[in-house]
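None of the figures in this text is laboratory data; all of them are computed from the coordinates on show. Since this is a predicted model, take the numbers as computed values, not measurements. Methodologically, a virtual Cβ is constructed for each residue, glycine included, from the backbone with ideal geometry; neighbour enumeration extends over all protein chains shown.
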Amino acid sequence: MNPSVISFFSALACSVIFAPIVAVIARWLGVVDRPDGQRKLHARIVPLTGGPTVLISLFVGLSATLWLHPTLLPTYADIRFLVSLGVAGSLIVALGILDDKIGLRGRQKLFGQFLAALIMIPSGIAIRKIQVFGIPIEFGDFSAIVTVFWILGAINALNLIDGVDGLASTIGIVLSLSVAGVTVILGGRDDGLIISLALAGALSGFLIFNFPPARMFLGDSGSMLIGLVVGCVALKCSIKQYTVIALVMPTAIWAIPIFDVAMAIVRRRLTGRSIFNTDRGHLHHCLVRQGHSGSRVLLVVGSLCGLTGLGAVAAAWFDKEMIAVLGVATALAILVATRSFGAAELTLLTNRVRRFAGSLFRRTQGIRPVLHDEEVQLHGKQEWHQLWQTLTEFADRFEMEAVELLVNIPSVGEEYHASWRSTSKVEQHDAWRSEIPLIIDGQRVGHIKVLGVCGNGSICEWMSDLIGGLRPFETQLIELIGEVHEKYALPKSPSSTKSGSLQLPQQATA
């Protein structure tokens, strides 16, 4: 029997058999996903079984294939890659289970992912030299660093996009089959072919339980494992003549997850948050807010990934990398042009670039000219403009140097960001700055950041006037949040003793 067939169907059968067993163990160990009413909106507790199920199925699929075809991996390098991937995959699954169980900090997860990436460096996929449109680029002593960054990006791309039932499984299947297609066309690499097909089979079996409404979730262990395997195999299968990696094709295959991660970084960094913060601004969240059901989200995102994957396959077939680029450009243009995803983030980025460019040439005019006053409705339809107008009037009245507003209510998909700045004649060390969290009904709904200088006279009286000046803003914020509660029928926190309040800082930081 053909090794590819054995690999795919043995992994699929194993996944179907083992998933319910792993689910029982996961419930017993407490490795489950509990709804929280904020980001996790599913109705019941769901076991997180993806990582162990997919890993076991991969081992079974590959073992069955190699048992029936023992000469399939003729070289030591092929065996070394397989062993390295097995060790790194086991580490990633263990890390994911630990995160699913107790919740790890972002830097802790990143350290574990870094160790897994390091394990893959001696496996033969180190990016020492790449070829982009026929132009060779050598990395020399930096090859290990570049390879680690690629693997880290692949792991987190799938991890971040996993937010709708069956989505990461569907994307994993499409990416795996795309890698398999490129592998066949580029002339072999039997290890990469059977690994990618085994992964596709394992995910196909798991999708039976993961399809919406899901009875089991992949969890961090499953989504990170998919990213690791597909990311590493995509590199190995893109190596030409065992020396140069044609990076355009694996990048094209990963284009949609990469774009999602890139927009998340832009959105969080340019709105003053850590890139490790979670939100509901990913591609799948945007599609759900536009009225797409769970199965339609899988169809839309799967089709976009299929388009970029087919572009990579066609580029390999015709040996023209521009075909892959056109496939990626078409998929991303569809998302941005229809305002399905990415348009707001690109607006934020454009504003920041334009602001920086303008600061190089702008002349000072007037006593307190406004350098910029920008607002972006990232997600949702609530009218936050009036709230922002009240805040900028406050900033101007108290001669602030800068003010920034972020409203973020993930449970209803509302996200709004605005920033205002006047020309500053004050040295940074003479200015004070503070971040004020906005807490309504016991829940944080955003923050405001202010930068300014102290007025003349008593500092206590000046601070008292400053805080009093925020009262109209507080009242208006409570009213708007109340409208959101009524519109979406959100329950109020029983621990809340007030209808709303601003958590004002105990002291400003100089």
Task: Options (i) 21.9, 68; (ii) 25.7, 88; (iii) 23.2, 79 - which one matches Rg and Dmax of the Cα atoms in Å as calculated here - done: (ii)
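Restricting to Cα pairs below 8 Å that are 6+ residues apart, what does the relative contact order work out to for the chain? Please round to a whole percent.
Taking the mean separation of contacting Cα pairs over the length of the chain, I get 14 percent.
What is the order of His379, His417, fewest Cβ neighbours within 10 Å to most? The partial results should precede the final answer.
On the way: His379 21, His417 25.
Ranking His379, His417 by Cβ neighbours within 10 Å, fewest first, gives His379, His417.
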Open item on the list: How charged is the neighbourhood of Thr71? Take every other residue with its Cβ under 14 Å from the Cβ of Thr71, and add Lys/Arg as +1 and Asp/Glu as -1.
Closed with: -3
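Set the Förster distance to 60 Å, then compute FRET efficiency between His385 and Asn2 from the Cβ-Cβ distance, nearest 0.05.
On the way: r = 62 Å, r/R0 = 1.03.
The formula returns an efficiency of 0.45 here.
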Open item on the list: What do you get for the angle between helix 471-488 and the principal long axis of the chain? Use alpha-carbon atoms, 0 to 90 degrees, nearest ten.
Closed with: 40 degrees
Task: Amide proton proximity set for Gly446, modelled H, under 5 Å, gap of 5+ - done: Asn408, Leu438
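Go through 146-155, 466-475, 397-406, 218-227 and give me the packing order, highest mean Cβ count within 10 Å leading. Can you show the working numbers first?
Numbers: 146-155: 21.8, 466-475: 14.8, 397-406: 18.9, 218-227: 30.4.
Result, highest mean first: 218-227, 146-155, 397-406, 466-475.
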- [ ] Would you mind checking the tilt of helix 459-469 against the longest principal axis of the Cα atoms of the chain, expressed as 0 to 90 degrees and rounded to 10?
- [x] 70 degrees
Open item on the list: Let's see if you can work this out: charge +1 on each Lys and Arg Cβ, -1 on each Asp and Glu Cβ, no other charges. What is the dipole magnitude of the chain about its Cα centre, in debye to the nearest 20?
Closed with: 500 debye
Open item on the list: Between helix 76-102 and the chain, what is the angle of the helix's C-alpha long axis to the longest principal axis, kept within 0 to 90° and rounded to the nearest 10?
Closed with: 40 degrees
Open item on the list: Let me check against my output: what whole-number percent is the relative contact order of segment 3-249, with C-alpha pairs under 8 Å and at least 6 apart?
Closed with: 32 percent
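Order these by the 10 Å Cβ neighbour count, fewest first: Tyr76, Tyr416. Working shown, then result.
Numbers: Tyr76 9, Tyr416 24.
Placing the least packed residue first, the sequence is Tyr76, Tyr416.
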Task: Long-range amide H partners of His372 with built H, under 5 Å - done: Arg421
Open item on the list: From the phi angles alone, apply the Karplus equation (6.51, -1.76, 1.60; θ = phi - 60°) to segment 434-445 and give each ³J(HN,Hα) in whole Hz, x where the residue is Gly or Pro.
Closed with: 7, 10, 10, x, 9, 10, 10, 6, x, 10, 6, 10
Task: For segment 119-128, Karplus couplings with θ = phi - 60° (6.51, -1.76, 1.60), whole Hz, Gly/Pro x - done: 4, 7, 4, x, 7, x, 10, 4, 7, 8
Task: Estimated [θ] at 222 nm from DSSP helical runs (n ≥ 4, -39500 (n - 2.57)) normalised by residues in the chain, nearest 500 - done: -19500 deg cm²/dmol
Task: Karplus 3J(HN,Hα) series, Hz, for segment 269-281 with 6.51 cos²θ - 1.76 cosθ + 1.60 (x for Gly, Pro) - done: 5, 7, 10, x, 10, 6, 5, 7, 5, 9, 8, 10, x
